[in-house]
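What follows is one structure encoded as structure tokens, with my remarks underneath.
The values are calculated or read from the model by the stated rules, or taken from the named source; none is laboratory data. Just so it is clear, the model here is predicted, and its values are computed rather than measured. Neighbour counts are summed over all protein chains in view; Cβ atoms, including those assigned to glycine, are modelled from backbone coordinates with ideal geometry. For the accessible areas, the whole protein counts, side chains as well, though only heavy atoms, and no ligand, DNA or RNA atoms are used. Shrake-Rupley method; radii C 1.70, N 1.55, O 1.52, S 1.80 Å.
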Amino acid sequence: RGRAEQYRPEMRTGLEATETTQARRHMERALRTAIENGALAVHYQPVVELPSGRITGVEALARWNDPVLGNVPPDQFIPLAETTGLILDLGEWVLRAACHQAARHTSGVQRDLTVSVNVSPVQLAQPGFVDVVMGALADSGLPARRLCVEVTETAAISNLAETTARLCELRRRGVQIALDDFGTGHSSLTMLRGLPLSIVKIDRSFVAKVTRSAQDAVLVRLVIETAHTLGLRVCAEGIEDAEQAQQLVAMGCDLAQGWYFGMPEPAFERSSATTMAVSRVRGALVRGRSSV
Ligand code: C2E
Ligand code: MG
Ligand code: MG
Ligand code: MG
């Protein structure tokens, strides 16, 4: 309109920022709708005992398949849910779904499986968090000892005193507590000592390199030994091949999880299929044990 303006790179950035904000708003609305309509899903990944390969539990992982956005990965929608407060409803929904699923499986191979549920720092910061968990257990009929609450180091760090008190209360009532993604946060050793933990989960970034990097192998060994000294069990996350499994067995790791043992599956029932897959790899584990 009778005016010229010279292009500056910031103009493009500004436009992109607006588009990003709009995309975010759209995603937020879609997520809110999905939670309200119960359109999210929970998938379950087996957790096996080493060296037997026997399934002892499953981890519940939230899934969101939106009609417009398609499959949105948790690494995208969980942070969005956390910054918008939607994580409170989302987290309670996952917790209730997981407890109900687990409570229905009282016979067969799946008998007494533990179900692990990821809990956000935002949920842990709520004064009513313990009541939410106890409510989910009471309504589903799941015994407290069959639930494991997974917290991350970052979750544990903000407001450590209150967080610790809440987790102690849950532990006192029989719920297991796991420290997730161990090694990626801060003050790891303080967390190990101060929190009422049952399990430490070694982050998959260490497991991924355990057979290739001597340094990572030393760190993983150190974590396992330290945890054992403190009376905790160790779970290795993200085991993708036999070599990694064998290495972890040789290091005395108690539990394992990863694509090698089983993918996250839409239904609890699929765990029995995984049990068969696992019995096939048992031989490999035992061979690994004697050769490492
Ligand atoms: P996480 O709790 O550490 O869960 C393990 C992640 O590793 C899952 O990713 C799982 O699918 C993936 N995984 C399992 N085995 C392997 C493997 O062998 N190789 C590789 N590369 N990956 C493997 P997912 O499902 O994408 O979830 C990512 C993160 O999102 C979770 O990490 C958890 O922190 C968070 N999340 C998922 N569901 C929930 C939820 O209901 N509530 C909260 N607060 N966070 C959740
Ligand atoms: Mg987890
Ligand atoms: Mg987690
Ligand atoms: Mg993890």
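Could you sort Trp259, Trp93 by accessible area so the largest value comes first, with the probe set to 1.4 Å?
Details: Trp259 150, Trp93 80 Å².
Highest to lowest solvent-accessible surface, that is Trp259, Trp93.
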**OP:** With runs of 4+ DSSP H residues as the only contributors, calculate the mean residue ellipticity of the chain at 222 nm using -39,500 (n - 2.57) per run, divided by the residue total and rounded to the nearest 500.
**Re:** -16000 deg cm²/dmol
**OP:** Might you report the magnitude of the Cβ-based charge dipole of the chain about its Cα centre, with Lys and Arg at +1 and Asp and Glu at -1, to the nearest 20 debye?
**Re:** 400
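Checking the a/c ratio against 1.5 first, then a/b against b/c, what shape does the Cα gyration tensor give for the stretch 140-225?
prolate
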Original post:
Convex hull over the alpha-carbon atoms of the chain: what's its volume per residue in Å³?
Top reply: 171
**OP:** For Asp112 and Arg145, calculate 0.36 nm times their separation in residues minus their Cα-Cα distance, and state this gained length in nm to one decimal.
**Re:** 10.9 nm
**OP:** Could you check the simple spin-label distance between Ala39 and Leu230, using points 7 Å along Cα→Cβ, in nm with one decimal?
**Re:** 4.2
Original post:
Which value, in Å² and to the nearest 10, is the accessible area of Met134 when all protein chains are kept and the probe is 1.4 Å?
Top reply: 50
Original post:
Where the centroid of each part is defined by its Cα atoms, how far is the stretch 185-211 from the stretch 126-157 in Å?
Top reply: 20
Original post:
For Arg54, which sequence-distant residues (separation of 5 or more, or a different chain) have an amide H within less than 5 Å of its own amide H, given hydrogens modelled in the peptide plane?
Top reply: Glu49
**OP:** Calculate the all-directions average of the projected area of the stretch 49-134's alpha-carbon convex hull, and give it in nm².
**Re:** 7.5
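So what is the diffusion coefficient of the stretch 137-176 in µm² per second by Stokes-Einstein at 37 °C and 0.692 mPa s, using a Kirkwood Rh over Cα pairs?
On the way: Rh = 10.9 Å.
Reported coefficient: 300 µm²/s.
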Subject >> Kyte-Doolittle at least -0.5, axis length at least 24 Å by Cα - qualifying DSSP helices, the chain >> reply: 87-104, 270-291
**OP:** From largest accessible area down, sort His100, His43; use a 1.4 Å probe on the protein chains.
**Re:** His100, His43
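Would you mind putting 114-124, 219-229, 68-78 in packing order, based on average other-beta-carbon counts within 10 Å, highest first? The partial results should precede the final answer.
On the way: 114-124: 22.3, 219-229: 17.0, 68-78: 12.9.
The peptides rank, most packed first, as 114-124, 219-229, 68-78.
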Original post:
Could you give the dipole magnitude of the stretch 10-167 about its Cα centre, charging the beta-carbon of Lys and Arg +1 and that of Asp and Glu -1, in debye to the nearest 20?
Top reply: 460
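To the nearest 20 debye, what charge dipole does the stretch 113-224 have about its Cα centre, counting +1 at the Cβ of each Lys and Arg and -1 at the Cβ of each Asp and Glu? Provide the component values of the computation, followed by the final result.
Working: 12 positive and 10 negative charges, 84 e Å.
With only Lys, Arg, Asp and Glu charged at Cβ, the dipole is about 400 debye.
Just the number, please: percent antiparallel of the DSSP beta bridges in the chain, rounded to the nearest 5.
Working: 15 of 37 bridges.
Within the chain, antiparallel bridges account for around 40 percent of the total.
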Subject >> Distance (nanometres) between label positions extended 7 Å along Cα→Cβ at Glu16 and Asp89 >> reply: 3.3
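With r as the distance between the Cβ atoms of Ala4 and Ser213 and R0 = 41 Å, compute the FRET efficiency 1/(1 + (r/R0)^6) and round to 0.05.
Details: r = 57 Å, r/R0 = 1.40.
Plugging the Cβ-Cβ distance into 1/(1 + (r/R0)^6) gives 0.10.
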Original post:
Can you list the residues, at least 5 places off or on another chain, whose amide H is less than 5 Å from the amide H of Glu59, using H built in the peptide plane?
Top reply: Gln45, Val47, Ser116
